[in-house]
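Novice: Sharing a structure here in structure tokens format.
Read-outs throughout are calculated quantities, based only on the coordinates presented, and are distinct from any laboratory measurement. Remember, it's a predicted structure, so these values are computed and weren't measured experimentally. Every residue, glycine as well, gets a Cβ built from its backbone with ideal geometry; the counts of neighbours run over all protein chains shown.
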Amino acid sequence: MIKQAIIPLAGLGTRLLPLTSVFAKELLPINGKPGIEYILDECVQAGIREIIFVISNKKKMIKNYFYNDKFYKKIIKKKKDKRVLQEYKKILRFKKMIRFVYQNKPLGTGDAVLKTKKYIKDKFFLMLLPDDLIIKKNCSRSMIALHKKYNSSVMASMNIKKNNVSRWGIYRLSKKINKNNYMIKGVVEKPTIKNAPSNKAVIGRYILPRKIFSKLSKLKPGKGGEIHITDAIQSLINDDEKFIAHNFPGKYLDCGSMSGYIKSSLEISKL
Ligand code: UTP
């Protein structure tokens, strides 16, 4: 069973500047609810019991959001507002599940994951990138089911237009398992249209083996000088580790860019 999830939150969020110069983008409301809570709901509904947040000193407000008990207790005593009480209870439930780990230099997603090494107990864990919101269907849950069936690592995948490939990590596929699932031979980061091995892009949901930590600890910085999780994944695939690309059935929303963030609120308000 997959019981632990890692959520890297220590990035700079430069695409959402100037907001992110003073605010953690993951707390920005999407249709009235902080983006990170959609991700937490997805985890809880998928059966995850422990969530490791990778934050930085600059993003301590994320921890404060979950550790403001004194404030809530005072307000609830004074105002007896049912809504506030319910929100507080929800935050308390999340707080009990979350462990905080620090990455004070944003050296890349791979480095963020490496920071959690000593807390990961099982053979496999879930990793979610919070900028990638998936609504309508629980992507993590369907990936966990797939992992159980094939005892394999799993990554979320989405068909994209060929002329957009240079913005994404693109899968090199091997065998087709069925309509929505493929074995992966590799991942190519941001290829040109000519060099793109498929039109299937990597989306921020991963079921990864604990073995990845030893790969991460040996990795040198890759594209853009960052330590990429995809480089460690490629190294595992080279060692014959099984990886499945799962074309998920939900709707993908990109909350990491300003236009995507605005669109996300509109899409969720229609649900
Ligand atoms: P991104 O690189 O897509 O987002 O990282 P960013 O760095 O936050 O924002 P931009 O690109 O400057 O606008 C994907 C996820 O990985 C986390 C980010 O917080 C984001 O949730 N991340 C990224 C880390 O935790 N550490 C890193 O070193 C890099």
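Novice: Excluding same-chain residues fewer than 8 positions from residue 220, which aspartates and glutamates have a Cα within less than 14 Å of its Cα?
Specialist: Partners found: 111, 231.
Novice: Okay, next question. Cα axis of helix 258-269 to longest principal axis of the chain: angle in degrees, 0 to 90, nearest 10?
Specialist: Relative to the chain, helix 258-269 is tipped by roughly 70 degrees.
Novice: With angles folded into 0 to 90 degrees, how steeply does helix 139-150 sit against the dominant principal axis of the chain? Use alpha carbons for both and round to 10.
Specialist: Between the helix axis and the principal axis of the chain, the angle is about 50 degrees.
Novice: Taking a threshold of 23 Å on the Cα-Cα distance, which of the pairs 149/176; 82/137; 96/121; 58/137; 121/179 fall above it? Don't skip to the end; give the middle numbers.
Specialist: Numbers: 149/176 15 Å; 82/137 30 Å; 96/121 18 Å; 58/137 33 Å; 121/179 33 Å.
Among 149/176; 82/137; 96/121; 58/137; 121/179, the Cα-Cα distance tops 23 Å for 82/137; 58/137; 121/179.
Novice: Could you check how many percent of all C-alpha pairs in the range 179-221 are farther apart than 12 Å? Intermediate values should be presented prior to the final figure.
Specialist: Working: 668 of 903 pairs.
Of all Cα-Cα distances in the range 179-221, 74 percent exceed 12 Å.
Novice: Residue 136: which aspartates and glutamates have alpha carbons under 13 Å from its alpha carbon, excluding same-chain residues fewer than 8 sequence positions away?
Specialist: Partners found: 41, 42, 267.
Novice: Next question, about the same structure. Using alpha carbons only, how many degrees (0 to 90, rounded to 10) separate the axis of helix 82-97 from the longest principal axis of the chain?
Specialist: It works out to around 40 degrees.
Novice: Now for a different question. What's log10 of I(q)/I(0) for the range 1-155 at q = 0.15, 0.16, 0.20, 0.21 Å⁻¹, Debye sum over Cα points only, no solvent?
Specialist: One equal scatterer on each Cα of the range 1-155 leads to -0.85, -0.96, -1.37, -1.46.
Novice: Here's a follow-up. Where does the chain land at 222 nm, in deg cm²/dmol rounded to the nearest 500, when only DSSP H runs of n ≥ 4 count, each adding -39500 (n - 2.57), divided by all residues? Spell out each step's value before the answer.
Specialist: On the way: 9 runs with 91 residues, N = 271.
Mean residue ellipticity, 222 nm, calculated: -10000 deg cm²/dmol.
Novice: Could you pull out which residues in the range 173-198 have an amide N less than 14 Å from a spot 7 Å beyond the Cα of residue 166, following the Cα-Cβ vector?
Specialist: 190-196
Novice: For the cross-link pairs 115/190; 190/218; 3/118; 3/148, which exceed 21 Å when the distance is taken from alpha carbon to alpha carbon?
Specialist: Values: 115/190 25 Å; 190/218 23 Å; 3/118 15 Å; 3/148 12 Å.
Over 21 Å Cα-Cα: 115/190; 190/218.
Novice: Now a separate question. So, how do all the Cα-to-Cα distances of the range 95-220 break down into 5 Å bins, in percent, from 0 on up?
Specialist: With a bin width of 5 Å, the distribution comes to 2, 9, 17, 20, 22, 16, 9, 3, 1, 0.
Novice: To continue, here is another question. Treat the chain as a sphere of radius equal to its Kirkwood radius over Cα pairs and apply Stokes-Einstein at 25 °C in a medium of 0.890 mPa s; give the translational diffusion coefficient in µm²/s, rounded to a whole number. Show your work: numbers first, answer last.
Specialist: Working: Rh = 19.3 Å.
Value of D from the Cα-based Kirkwood radius: 127 µm²/s.
Novice: Further question: How high is the FRET efficiency between residue 262 and residue 61 when r is their beta carbon distance and R₀ equals 25 Å, given to the nearest 0.05?
Specialist: Numbers: r = 22 Å, r/R0 = 0.88.
For R0 = 25 Å, the calculated efficiency reads 0.70.
Novice: What is the order of 206, 38, 72, fewest Cβ neighbours within 10 Å to most? Walk me through the numbers on the way to the answer.
Specialist: On the way: 206 26, 38 19, 72 16.
Ordered from fewest to most neighbouring Cβ atoms within 10 Å, 206, 38, 72 come out as 72, 38, 206.
Novice: For residue 178 and residue 49, what is the calculated FRET efficiency with R₀ set at 45 Å and r taken between the beta-carbons, to the nearest 0.05?
Specialist: Numbers: r = 30 Å, r/R0 = 0.66.
My answer for the efficiency is 0.90.
Novice: Now for a separate question. For residue 161, give me every one of the aspartates and glutamates with a C-alpha distance below 19 angstrom, ignoring sequence neighbours fewer than eight places off in its own chain.
Specialist: 132, 189, 254
Novice: So what are the range 195-261's ellipsoid semi-axes, whole angstrom, largest first, if each one is the square root of 5 times an eigenvalue of the alpha-carbon gyration tensor?
Specialist: The three semi-axes for the range 195-261 are 24, 17, 13 Å.
Novice: If you take the beta carbon distance between residue 199 and residue 145 as r and set R0 to 22 Å, what does 1/(1 + (r/R0)^6) give as a FRET efficiency, to the nearest 0.05?
Specialist: Working: r = 25 Å, r/R0 = 1.13.
Using R0 = 22 Å, I get an efficiency of 0.30.
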